[in-house]
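All remarks here apply to the structure that follows.
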Amino acid sequence: MAGLNPGVRPTGFQCCTPGRAEDHPGMSKSNPHLKPIILLNPGRQSRHYMLGLLRACETLGLHPGSIEMGPMIAQLARAPDPLAALEPIQARLRVMVEAGNFTDIITYANAGGAELGKWNTPQGVGTIWNALGLRHHILWTDHPDWATNGTALKPGVQKIYAHPHIFHHLKSAPAALEAAAILGWSGVTDLPVAEDYDTLRPQTGVEQRHDIVAILGSVAPVPEALVPFLDKTDPEPARLDHAMIPRTLKAWTRFAADMPNPDGLMRFARSMLELHAEQPGMTFWQHAEMLKSEYASEIDWLQSDPQRWYAAVGRLRLQSAWRRSFWLAWLARRVDLGIYGCDASILGIDQPKDARQWVEYKDQSRVYACGRCALNINQSHDEAGVTHKPFQIVASGVPLIHHATPGLGNLFRHGSEVLVFARGPELLHRIDTVCADNTKGTELAEAALTRAKNEHAWTNRVQTMLSLDQASALTAA
């Protein structure tokens with residue numbers, strides 16, 4: 001979408017008084033103070049999340065409004081002067097908000113935020129929604145540091161998103177704490193994602209063609225240094241992480257070469273990578289906190305610029321970028337693994353041609369049902385917490401096997417709702433457990449789905465979002 005509007009306002013625009021926390025005392029079907037708008041952005045996946053939030057608001061009796069982002073994007077793309085084209089869009093939004101007496105808006109990542117203009121409010125610069133008196137909730141399923149190529153880290157956008165009536169919802173507590181500290185945003189909280197269990201539901205009559213299934217949008221090759229480990233019966237994850245250090249430091253050297261104190265930054269990077277290999281259950285943000293006494297000047301310098309810090313962390317994450325591709329390639333040599341949604345031939349995995357096609361959102365349940373169980377492994381940028389995939393697998397009524405990741409146990413009970421692995425033999429044992437006993441698999445899937453419907457539906461997340469006070473629980477802690 002077009003760049004930021006520097007503050008041009010439609011004729012007659014008036015800022016509404018921003019809502020107060022006491023005006024929004026919490027969630028109930030009879031609460032007259034809450035009336036949200038859901039911004040529906042285009043997207044193969046994220047649009048369905050916003051539709052799920054819209055249906056959740058309807059279920060809760062909140063009489064929500066909705067705004068389609070697609071026509072705005074198309075209008076601005078066609079306009080010879082995008083800034084001028086923003087004015088009638090902003091005017092229409094003002095009329096809609098004021099006529100509907102809305103109190104909150106929920107948007108996805110950068111869609112419909114700073115890109116719709118920079119606005120002065122009594123509390124400081126914010127989005128158009130703040131100027132209209134709304135509390136603005138941003139769902140960051142894609143983390144701020146990499147959504148739309150890190151737009152939120154740009155100084156102007158970062159400042160807008162620091163408005164006290166903007167609430168940022170990230171997928172894990174470490175990621176939320178990191179964003180609050182590095183970006184200076186006050187309204188940051190950790191909020192797990194969810195799914196709409198009426199849209200995705202268990203499928204019957206589907207042939208179980210595989211022992212285990214995974215749906216991926218893309219896949220990277222196994223790093224050359226790790227290829228010899230594919231033949232190992234029990235490749236030790238710490239050894240794989242250590243084997244990735246030279247490649248990661250090479251990328252770090254290019255990053256730090258022209259920066260002050262490159263030698264100190266190199267020592268810092270090596271210490272971070274050694275620590276991460278020994279304690280992979282922690283994020284690089286948490287490792288940096290542990291090393292502050294030893295590398296105070298290096299860490300302070302890196303963290304003084306959000307773009308610099310997240311670029312540094314991005315280089316360090318190359319160390320653990322092996323996990324998804326390696327375990328898939330290792331597993332495919334030992335069981336019948338079905339990969340859908342992308343071309344996995346680079347991993348040496350055979351697929352029918354139709355399996356290489358993108359899997360549409362509503363078709364996920366049918367694809368997952370092709371396996372006796374389903375697998376998910378977080379990408380390296382999701383260091384903690386979980387993505388949408390576990391909830392999509394659970395919604396499909398298929399037993400879930402998940403890579404050990406911090407926060408998963410807070411969502412699903414290990415052993416009775418989800419099966420977890422950290423090493424290869426554990427992974428094979430989990431698959432054997434399900435394949436050898438249909439009853440066990442059914443019990444796992446049913447228990448997880450019951451838990452998800454009760455605790456991890458969009459109705460649960462909406463209630464958490466809209467009952468937040470204006471101060472973040474995380475930053476106040």
If I model a spin label as a point 7 Å beyond the Cα along the Cα-Cβ vector, how far apart are those points for Arg423 and Gln279 in nm? 2.1
Close Lys-Lys pairs in the chain, where close means Cα under 23 Å and separation is 8 or more or interchain: 15
Hull-based mean projected area of the chain, where the convex hull spans the alpha carbons, in square nanometres: 23.5
Ranked on Cβ counts within 10 Å of their own Cβ, fewest leading, Val213, Val95 go Val95, Val213
Correct semi-axes for the range 269-419, from √(5λ) of the alpha-carbon gyration tensor and rounded to whole Å with the largest first, are 34, 18, 14
Using only Cα atoms, find the angle between the long axis of helix 82-100 and the longest principal axis of the chain, and express it within 0 to 90 degrees, rounded to the nearest 10. 80
Give me the extension gain from His381 to Ala311: residue separation times 0.36 nm, minus the current Cα-Cα distance, reported in nm with one decimal. 24.0 nm
Normalising by the residue count of the range 245-320, find the relative contact order in percent from Cα pairs under 8 Å and 6+ residues apart. 41
Label point at Glu360 placed 7 Å out along Cα→Cβ; residues across the range 181-204 whose backbone nitrogen lies under 16 Å: 199-201
Take Ser297 and Arg267, extend 7 Å from each Cα along the Cα→Cβ direction, and tell me the distance between the two endpoints in nm. 1.0
From the Cα centre of the range 275-333 to that of the range 51-89, the distance in Å is 37
Between Lys453 and Lys154, what length in nm is gained on full extension when 0.36 nm per residue of separation is reduced by their alpha carbon distance? 103.8 nm
The range 72-228: C-alpha pair distances exceeding 25 Å, %: 47
For Ala225 and Ala99, what is the calculated FRET efficiency with R₀ set at 51 Å and r taken between the beta-carbons, to the nearest 0.05? 0.25
Note the per residue figure in Å³ for the convex hull of the C-alpha positions in the range 245-320. 79
Longest span of the chain, sites excluded, free of GluC sites (Glu not before Pro) in DSSP loop with at most 14 other C-beta atoms within 10 Å? 1-206
³J(HN,Hα), Karplus 6.51/-1.76/1.60, whole Hz, each residue of the range 192-204, x for Gly, Pro: x, 6, 7, 8, 9, 7, 8, 6, 9, 8, x, 9, 10
Kindly express, to the nearest 10 degrees and within the range 0 to 90, the angle between helix 323-332's C-alpha long axis and the longest C-alpha principal axis of the chain. 40
List the trypsin sites (Lys or Arg not before Pro) within the range 269-348 that DSSP assigns to loop and that have no more than 15 neighbouring Cβ atoms inside 10 Å. Lys292, Arg333, Arg334
Given N residues in the range 370-453, what is Rg(Cα) / (2.2 N^0.38 Å)? 0.99
Summing -39500 (n - 2.57) over the DSSP H runs of n ≥ 4 in the chain and dividing by its residue number, what mean residue ellipticity at 222 nm do you reach, to the nearest 500 deg cm²/dmol? -12000 deg cm²/dmol
Degrees separating the helix 245-256 axis from the principal Cα axis of the chain, which is the longest one: 30
Relative contact order for the chain: what percent, with Cα pairs under 8 Å and sequence separation of 6 or more? 18
Candidate cut points under chymotrypsin sites (Phe, Trp or Tyr not before Pro) in the range 290-368, DSSP loop plus at most 15 other Cβ atoms within 10 Å of their own Cβ, are Trp358
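FYI, it's all coordinate maths here, none of it is from the lab. Just so it is clear, the structure is predicted and the values come from calculations on it, not from any experiment. Virtual Cβ from ideal backbone geometry, glycine too; neighbours counted across all protein chains shown.
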